[in-house]
Amino acid sequence: MRLTRTARPPHPRRSALSVPAINTRALSKASGLDADVLIFDLEDSVAEEKKAEARDNLKRFFETSGSLLKGAERVIRVNAADSSHFHRDLELAIALKPDAVLLPKVENPRDILETADRLSEQDDLDAIRIWAMIETPKAVLNAGLIAEAAHTPGARLEAFVIGLNDLRKETGVLPESGRTHLIPWMMQILLAGRAYGVDVLDSVSNDFSDLDAFSAECAQGRAMGFDGKMLIHPAQIGPANRVFGPSEQALEDARQIVSAFADPAADGLGVISIQGRMVERLHLEEAHHLLAYQDLIEKRKPQ
Ligand code: COA
Ligand code: MG
């Protein structure tokens, strides 16, 4: 059972690009992109009357190019459980075997557990994980209970993605820069994820032309503790990877901590001092975690 960030193998999720399944040109570009995660979208980016066509596109794409995507995690965002498309979307996802399905409009643990049950009928290896959009007032209020569902055997829940466009629409919070009035809810979701070992990704940012503003928003999300960010445009991948990835300085500090504890002088010591700073064994654990995370980033290349 994954309980803490350091106890589990890290999974780079710095950049999670949404690729509309209706857009065959976008699909054809996906395998060459340096995103940690590709979210193939059947929901908001696909018009009601185009849902079947989007499913056909996605099926064809996985059959012809799926093997080219080995470097990135593959996630399929289905339509909401109460929509008429959900059943067919989920059937398709089960057939295509992505790494995860992303459920929109999740509001309580039952939404996760019912989908997990459906998946278990055909995916007995638990290969397909569940990610959840947290994008409604009820979802924010219930974030802790939803995250706790991750500890129910067979729940498959692995990540939350914050959806601020929907949350703003439902609450009336204006889209101001700095996201001041949204921060309490975002931190609440982060805390819920951390309490139960569920990764949390920051929301999309709609303006893909101002990359300086985008980088600043990534830095804000990074400072708030998010694992990465959902993206809408390939131009956002580079800044997200850079900001959410470990900095050179952080890697250097981690190497220094590992080597200081490896020194026989540190044998039996729980606390040592490095350049005037107290360093504990929990920092050593974090350092190992960061270096392992960096190894995974380096291994993950577009194929
Ligand atoms: N995934 C893959 N490729 C993408 C892409 C995406 N999300 N967004 C754009 N591209 C490609 C375009 O196809 C284009 O390729 P080309 O030069 O080979 O034709 C290139 O990147 C440049 O695109 P650009 O012209 O700058 O953008 P656009 O006007 O074509 O598209 C959007 C802008 C916002 C409509 C488009 O980026 C998009 O649909 N994004 C995803 C939206 C989404 O998933 N929303 C739901 C989640 S909130
Ligand atoms: Mg939405």
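The values are calculated or read from the model by the stated rules, or taken from the named source; none is laboratory data. Because the structure is predicted, anything quoted here is derived from the model rather than measured. Every residue, glycine as well, gets a Cβ built from its backbone with ideal geometry; the counts of neighbours run over all protein chains shown. The accessibility values were calculated without ligands, DNA or RNA, using every heavy atom of the protein model including side chains. Shrake-Rupley method; radii C 1.70, N 1.55, O 1.52, S 1.80 Å.
Some observations on this one:
- No other residue among Ala235, Ala265, Ala219 is more than 16 Å from ligand 1 (Cβ to nearest atom), surrounded by fewer than 19 Cβ atoms within 10 Å (Cβ to Cβ) and within 15 Å of Arg14 (Cα to Cα) apart from Ala219.
- Asp207 fulfils the conditions (1) more than 25 Å from Ile146 (Cβ to Cβ); (2) in contact with a Phe, Trp or Tyr (Cβ under 9 Å, 6 or more places away or on another chain); (3) open to solvent by 60 Å² or more (accessible area, probe 1.4 Å); (4) in contact (Cβ under 8 Å) with a residue 12 or more places away in the chain except for a single criterion, (4).
- Scanning the range 117-130 for residues that are open to solvent by 20 Å² or more (accessible area, probe 1.4 Å) and in a helix (DSSP H, G or I) yields Asp117, Arg118, Ser120, Glu121, Gln122.
- Residues satisfying the stated conditions in the range 8-29, i.e. touching a residue at least 40 places away in the same chain (Cβ under 8 Å) and either open to solvent by less than 50 Å² (accessible area, probe 1.4 Å) or closer than 30 Å to Leu282 by Cα (or both): Arg8, Pro9, Pro10, His11, Pro12, Arg13, Arg14, Ser15, Ala16, Leu17, Ser18, Ala21
- Sub-7 Å Cβ pairs linking a first residue in the range 30-57 that is open to solvent by less than 40 Å² (accessible area, probe 1.4 Å) to a second residue that is near ligand 1 (Cβ under 10 Å from one of its atoms) and assigned to a helix (DSSP H, G or I), at least 6 apart or interchain, are Leu33/Pro234; Leu33/Ile237; Ala35/Ile237; Leu38/Ala30; Asn57/Thr24; Asn57/Leu27, ordered by first then second residue.
- Qualifying residue in the range 48-61 (condition: at pLDDT 95 or above, closer than 23 Å to Asp124 by Cβ and not β-branched (Val, Ile, Thr)): yes
For (1) touching a residue at least 24 places away in the same chain (Cβ under 8 Å); (2) within 18 Å of the chain's Cα centre (by Cα); (3) surrounded by 18 or more Cβ atoms within 10 Å (Cβ to Cβ), each residue gets a yes or a no:
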| site | (1), (2), (3) |
| --- | --- |
| Ala132 | yes, yes, yes |
| Pro137 | yes, no, no |
| Val140 | yes, yes, yes |
| Ile146 | yes, yes, yes |
| Gly172 | no, no, no |
| Pro184 | no, no, no |
| Leu190 | yes, yes, yes |
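- Leading residue by the ranking (most open to solvent (accessible area, probe 1.4 Å)) among those in the range 58-81 that are within 14 Å of ligand 2 (Cβ to nearest atom) and over 13 Å from Ala21 (Cα atoms): Ala81
- The residues on offer are Glu107, Glu176, and the sole one that is loosely packed, with under 14 Cβ neighbours inside 10 Å and outside any helix (DSSP H, G or I) is Glu176.
- A residue that is assigned to a loop (DSSP other than H, G, I, E, B) and within 27 Å of Tyr293 (Cα to Cα) occurs nowhere in the range 186-194.
- Candidates Ala254, Ala240, Ala216, Ala223 - the one that is in contact (Cβ under 8 Å) with a residue 24 or more places away in the chain and assigned by TED's automatic domain parsing to the domain that holds Ala100: Ala240
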